[in-house]
Amino acid sequence: MTDSQKTGTDKNSTDKTYDKLIAKVKEASLLASCSNVLGWEEHTYMPTNGSEHRANQLGLLAGLCHEKATDPELGNLLSELENSGELNEPDSPKAVNVREIRHEYDQGTKLSRKLVEEISRVCSLGQHAWIEARKKSDFSIFLPLLKQIVDLKIEVAEALCYGDGVPYDALLDAYEPGATTESINTIFTPLREELVKLVAAIKNSGIEPDSEIITRSYPIEMQKAFGIKAAKEIGFCFKSGRLDETTHPFCSGIGPGDCRITTRYDEHHFPGAFFGILHEAGHGIYEQGLNCEAYGSPMGETVSLGIHESQSRMWENLVGRSLSFWKHYFPQAQKTFPEALTGVELQQFYAAINDVRPSFIRVEADEVTYNLHIMLRFELEQKLISRDVKPEDIPEIWNQTFTEYFGLTPPDDTQGCLQDIHWSMGGIGYFPTYTLGNMYASQFFETANEELGDLNLMFEKGEFQPLKNWLNEKIHQPGKKYRANDFVKNVTGKPLSHEPLVRHLHKKFDELYQL
């Protein structure tokens, strides 16, 4: 056999090994998508009394998914490929897939199937307990499940953490691979300083938009129609997705051609549902923009939750709360909601939906104070995992910290520590990705504006496709080719910085509040 024949034979063998690896990973992804369907239905249509049975179903599926993702044969296939010499180009699809599958495999094998199943089961029950506690504004209903969830997440952190690592970093890595508490604090600190100064300047401006405008009667059926129309026009495909109602809005990417988004409606609070729909549609556009042919492999997956949030926050805030967006949509809004908006000027409405003032609810917060909500949660999560704070002390510490940050004290648990679903679903480490998403979004948007021309002029004319196409190409199609830090450098030419977000906030709110 000649050297060239031998090389060809070796390559064929490596290709077969790679194909086998990808087939096994895709099978695991397919099984996980079944769990996603059950999770979506649990929060939309499932009868309340089915919660325990659903918890057992999801626990079983979580165990089966874990078994597939940690199959020793996967480890053997990975080692064979890593030793083959065929992965010399680190950015090639094959090398990226092997790199990311290896990371997931190594993390997964540190956790037992029993632990994974128990987390899924307890978190499913925890979400139902949270819903009940939120309805009654009674933290004690949720507390027993929260204690179990925190103990389980600490067990996960300790299993994943090694050496002198910070346990919270192990949980953070599940949502923002490569990020650490230290790296996030480094970038959050200067942002916090800028936000505090801007909030103070706005407060001292003496200008108060007429927020009563957005609390008038906005019939829910009309809100649904208006929100769906806007979601379609920015690029969410309803042939490959749907919109439903839930307690806490979310997006679930089930798989190619199937993306579910949700929202919640309040007749007397227009921004809640409308901007919630834009937000979740932004997530959905990312899911729908992934490479379908690579589904189930890292090259067909999203980069991180921070990058995911950049897409939702971009469409919600940088597009949806812009003056140019409403120059296009406000006449339509007046026709849709004549009782609420007849006689209202565009500038009045624009100021009302961008009113900056401390408030209790994170998902309804303005762009300036929003990130302070995230920083509060980020601090509390670290203390929960280090056991410096006990779950039973959360309401008191939440209220104390909230008062320090916002000068307001939540009147009840529903408007305080029970407002978010994340801890009930085990999402400790998730919250920082929201502020990272705001920073990524601003940096991506600046670059898109430079490369495409004046985006605001396009929005005034109802032209959203150029931005969506740019995002499809630059953000969605590459999959997990790069980790988030390298990804933002590749797209924008610069490392992640708080400065684009600060520039965006000042440009917008200096004008609104005449600073």
Q) Going through the stretch 254-287 one residue at a time, which ones are in contact with a Cys (Cβ under 6 Å, 6 or more places away or on another chain) and surrounded by fewer than 22 Cβ atoms within 10 Å (Cβ to Cβ)? A) Pro256
Q | Identity of the residue in the stretch 426-478, outside any helix (DSSP H, G or I) and of a type in the set (Phe, Trp, Tyr), that ends up farthest from Val488 (Cα to Cα) | A | Phe464
Q: Of all residues in the stretch 263-293, count the ones that are polar (S, T, N, Q) and either in a helix (DSSP H, G or I) or within 30 Å of Lys481 (Cβ to Cβ) (or both).
A: 2
Q) When you go through Thr447, Thr409 one by one, which is the residue that is over 25 Å from Gly284 (Cα atoms) and either surrounded by fewer than 16 Cβ atoms within 10 Å (Cβ to Cβ) or out of contact with any strand residue (DSSP E or B) (no Cβ under 7 Å at 6 or more places or on another chain) (or both)? A) Thr409
Q | Residue identified as within 24 Å of Asn438 (Cα to Cα), over 24 Å from the mean Cα position of the chain (by Cα) and of a type in the set (A, V, I, L, M, F, W, C) among Phe349, Phe360 | A | Phe349
Q: For the stretch 378-421, enumerate the residues that are more than 22 Å from Ala133 (Cα to Cα) and not hydrophobic (A, V, I, L, M, F, W, C).
A: Glu379, Gln382, Lys383, Ser386, Arg387, Asp388, Thr403, Glu404, Tyr405, Gly407
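Can you pull out every residue in the stretch 80-103 that is polar (S, T, N, Q) and at pLDDT 95 or above?
Asn97
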Q: Could you list, in sequence order, all residues of the stretch 411-450 that are under 15 Å from Ile187 (Cβ atoms) and of a type in the set (Gly, Ala, Ser)?
A: Gly437, Ala441, Ser442
**Q.** Selected residue (only one of Ile228, Ile213, Ile187 is under 28 Å from Ala484 (Cα atoms), surrounded by 13 or more Cβ atoms within 10 Å (Cβ to Cβ), in the same structural domain as Glu339 (by TED's automatic domain parsing) and β-branched (Val, Ile, Thr))
**A.** Ile187
Q: Considering each residue of the stretch 359-404, count those that are surrounded by fewer than 18 Cβ atoms within 10 Å (Cβ to Cβ), in contact (Cβ under 8 Å) with a residue 40 or more places away in the chain and more than 23 Å from Thr247 (Cα to Cα), and give that number.
A: 3
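Take Lys494 and tell me if it is in a helix (DSSP H, G or I), surrounded by fewer than 21 Cβ atoms within 10 Å (Cβ to Cβ) and not aromatic (Phe, Trp, Tyr).
No, not satisfied.
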Q: Could you grab me the full set of residues in the stretch 33-63 that are within 15 Å of Cys123 (Cα to Cα) and free of Cβ contacts under 8 Å to residues at least 12 places away in the same chain?
A: Gly50, His53
Q. Picking from Glu212, Glu221, Glu233, Glu245, which residue would you name as being among the acidic types (Asp, Glu) and within 14 Å of Ile285 (Cβ to Cβ)?
A. Glu233
Q.
Pairs please, first residue from the stretch 328-349 and free of Cβ contacts under 8 Å to residues at least 40 places away in the same chain and surrounded by fewer than 17 Cβ atoms within 10 Å (Cβ to Cβ), second anywhere and part of a helix (DSSP H, G or I) and not basic (Lys, Arg), Cβ atoms under 6 Å, 6+ apart in sequence or on different chains.
A. Gln334/Leu341; Leu346/Phe330
Q) Taking helices (runs of 4 or more DSSP H) that do not extend beyond the stretch 133-216, which have at least 3 residues that are within 27 Å of the chain's Cα centre (by Cα) and free of Cβ contacts under 8 Å to residues at least 60 places away in the same chain? A) 139-160, 181-204
Q: Taking Asp244 as meeting all but one of (1) assigned to a helix (DSSP H, G or I); (2) touching a strand residue (DSSP E or B) at 6+ places or on another chain (Cβ under 9 Å); (3) over 24 Å from Pro338 (Cβ atoms); (4) of a type outside the set (Val, Ile, Thr), write down the number of the exception.
A: (1)
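The values are calculated or read from the model by the stated rules, or taken from the named source; none is laboratory data. Computed from a predicted structure; not experimentally measured. All Cβ positions, glycine included, derive from the backbone under ideal geometry; neighbour counts span all protein chains shown.
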